[in-house]
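*Asks:* Sending over a structure as structure tokens; questions will come in a sec.
We did not get these values from a lab; they are worked out from the coordinates using the rules stated. Just so it is clear, the model here is predicted, and its values are computed rather than measured. Note that each Cβ is placed from the backbone with ideal geometry, even for glycine, and that neighbours are counted across all protein chains shown.
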Amino acid sequence: MERLFQRFIKLVEWWTILLFVLMVVVVCLGVFYRYALNAALVWYDEFASYLLVWLTFYGAVVATYRRRHIGFDLLVDRLTPKVRRFVDLIGECFVLLFQWVLFYYGWVLTDKMGDEIAVSLPWVKMSWINSVLPITGGLMLVISIDRLVRIVVADEKKGGAAWSGSSSE
């Protein structure tokens, strides 16, 4: 199961790379049109902004999986295994709560936006754009639930040491 999830995260990582490349191409195209052809593309700025939002949220999924978000490793690593496990448990519960809020209210927002369209891209529905919130919130929720289960059922054979969340484990 873990191997399948790793492959899925690799797919999300490639999707993120594709979004980044597409954003660079769109911005370069917009700059080229504005300064070389003296004609502005009305849609490139809005489209690049949406790509940046998607890039940020899908990148956050990969960062969450690899435990690359901000943390207090220096402090937490100095704690005893039992206390560290408790701190990890509390911290992961707060992360889980945030991800639930992102998923739930992202879903509500996506639903409420319905058929509204982007300003300069009339063929793009805002619900498509906002769908990144419940999708990435749900993915990070699954990652966090898995991490929470690992913390709770930490392997006692390792002397009660809590799972540190390191991607090298």
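*Asks:* Can you list the residues, at least 5 places off or on another chain, whose amide H is less than 5 Å from the amide H of I117, using H built in the peptide plane?
*Replies:* Counting only residues 5 or more places away or on other chains, the set is M126.
*Asks:* Taking θ as phi - 60°, what are the ³J(HN,Hα) couplings along segment 55-65 by the Karplus curve (6.51, -1.76, 1.60), each to the nearest whole Hz, with x for Gly and Pro?
*Replies:* Those phi angles translate into 4, 4, 6, 5, x, 5, 5, 5, 4, 5, 4 Hz.
*Asks:* Would you please give the FRET efficiency between Y105 and L29, computed as 1/(1 + (r/R0)^6) with r the Cβ-Cβ distance and R0 = 35 Å, to the nearest 0.05?
*Replies:* 0.55
*Asks:* For the chain, build the charge dipole from Cβ charges (+1 Lys, Arg; -1 Asp, Glu) around the Cα centre, then report which of A39, M23, V152 sits farthest towards its positive end.
*Replies:* Among A39, M23, V152, the one farthest towards the positive end of the dipole of the chain is V152.
*Asks:* Any idea how far apart R3 and I70 come out in nm if each label point goes 7 Å out from Cα toward Cβ?
*Replies:* Result for the modelled spin labels: 3.8 nm.
*Asks:* Convert each backbone phi in segment 103-108 into a coupling constant with the Karplus relation 6.51 cos²θ - 1.76 cosθ + 1.60 (shift: θ = phi - 60°), then list the ³J(HN,Hα) values in order as whole Hz, x for Gly and Pro.
*Replies:* Using θ = phi - 60°, the values come out as 5, 5, 6, x, 5, 4 Hz.
*Asks:* Something else about it: Report the calculated FRET efficiency for V21 and M113 (r = Cβ-Cβ distance, R0 = 35 Å), to the nearest 0.05.
*Replies:* 0.85
*Asks:* Measure of size requested: the Rg and Dmax of the chain, with Cα atoms as the atom set and Å as the unit; please supply both.
*Replies:* 20.1, 68
*Asks:* Roughly speaking, what is the stretch gain from W123 to E46, that is 0.36 nm per residue apart minus the C-alpha to C-alpha distance, in nm to one decimal?
*Replies:* That works out to 26.4 nm of additional length.
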